[in-house]
Amino acid sequence: MSFPLPDPDLALEYLLGTREPAPLLSEARRLRNEGKGRTITYSRKVFIPLTTLCRDTCTYCTFAKPPGAGGEYLTPDDVLAIAKAGEAHACTEALFTLGDAPEDRWPQAKEFIADYGHETTMEYVVAMTEMVNAATSLFPHANPGLMSDQAQTALRPSNPSMGLMLENISPRLMEPGMPHHGCPDKDPVLRVETIEAAGRQKVPFTTGVLVGIGERPEEIVASLFALRDLVNATGAIQEVIVQNFRAKADTRMRRDPEPTVQYFTRIVAAARWILGPAINLQVPPNLTEDFAGYLDAGINDWGGVSPLTIDWVNPEAPWPHLERLTAVTEAAGFRLMPRLPVYPEYITDEWIDPTLMPKVQSAIDDEGYALAPQLQGASR
């Protein structure tokens, strides 16, 4: 008997546990195998935290810090040093992550970017990704928060892909007492607009949901269906991340419960069911000790994994060594393949800027995956 088509009410029943999850998990695996076969991918990356200043005050975040308490910018020399170190470790992705528009809140941010000849942090992001693209073999993947059409146009020649988490479609999370209160950049309307702009500007885009920050199960379901609509409307969403909240000691949500593995696994499987066989579905492997279980829930990607830098968003959660990632993936009957920050199916003249295409093509094999590390001294 065939499994039902995606339905919000049925999805909610699975999330609430009122239905046995085995059929949903089975359908998620079937869809993954139909669309992606038995290949699981990952991106070998370095994490470049361009600035830890931010105008938002999310109650679960340790990345953003005020001036004098860790909030600062990396200089161009800092950025290039990290990128060069990543190059020496055979990385292919330079993930640029930063706080949203810190110059709107902090005078120190305005002073820093002015010292380097820029009016906005976004201009500085463009300059730094251009530098890394020109000076190294790495491919920048900018994740700078809300991005206008103009910002994405400026970033496109140096970034084969970009990203912004939706997190959740519900505006309720911005109300007083909720984790996004006082965070203008977490408005889901504005986040959707950024994803829509990626469709207009032909930018391969990564987005996703964050599970466990106070949302209700029906809001998770609504978020997944909203992402499905955006996948269909824009064509730009190359990847959806399903990420579990981890409580951090020095945040206001330090005592909030984390989602259980069982509940989170049902959400991952529901994401595959709702989003279909073609989407690339990722769960970060460093946020769950026994991450192998997500292979049974329909994922086909482990995301960026670094042999060099920490996860600056979840610094308490170290990346699994690539040897372990390979062993876990192969033990489950899959092959593990490295990819660029842009997925193989988006390496086309439509989606990659013509000035960047020769570099991209020189870094991939016949299937569109990243070439195996060949650099002297590179470690797996």
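Read the figures in this text as sums done on the coordinates, not as results from a lab. Everything numeric here is computed off the predicted structure, so don't read it as measured data. Quick reminder, even Gly has a Cβ in these numbers, built from the backbone with ideal geometry, and neighbours come from all protein chains shown.
Things worth noting here:
- Stretch gain in nm, segment LYS84-VAL261, where the contour uses 0.36 nm per residue and the Cα spacing is subtracted: 60.0 nm
- Cysteines in the chain that, by Cβ-Cβ distance, have no pairing candidate under 4.7 Å: CYS54, CYS91, CYS183
- Antiparallel content of DSSP bridges confined to the stretch 8-362, in %, to 5: 5
- Hits among lysines - C-alpha to C-alpha of LYS202 under 25 Å, sequence gap 8 or more where chains match: LYS36, LYS45, LYS186, LYS359
- Whether the stretch 246-325 is rounded, prolate or oblate, judged on the alpha carbon gyration tensor where a/c under 1.5 counts as rounded: oblate
- Spin-label model, ASP104/MET357: points 7 Å from Cα along the beta carbon direction are separated by 3.6 nm.
- Label-point separation in nm, ALA292 to GLU34, each point 7 Å along Cα→Cβ: 2.8
- As a calculated quantity, the FRET efficiency between GLU330 and ASP187 at R0 = 56 Å, using C-beta atoms, amounts to about 0.85.
- Sequence-separation-based contact order of the chain, relative, with Cα cut under 8 Å and 6+ spacing, percent: 24
- Most to least packed among 267-278, 49-60, 340-351 [average Cβ atoms within 10 Å]: 267-278, 49-60, 340-351
- For the stretch 99-230, the square roots a ≥ b ≥ c of the C-alpha gyration tensor eigenvalues yield an a/c of 1.5 or more together with a/b not exceeding b/c, which makes the shape oblate.
- Three-way shape label, the stretch 59-117, alpha-carbon gyration tensor, a/c 1.5: oblate
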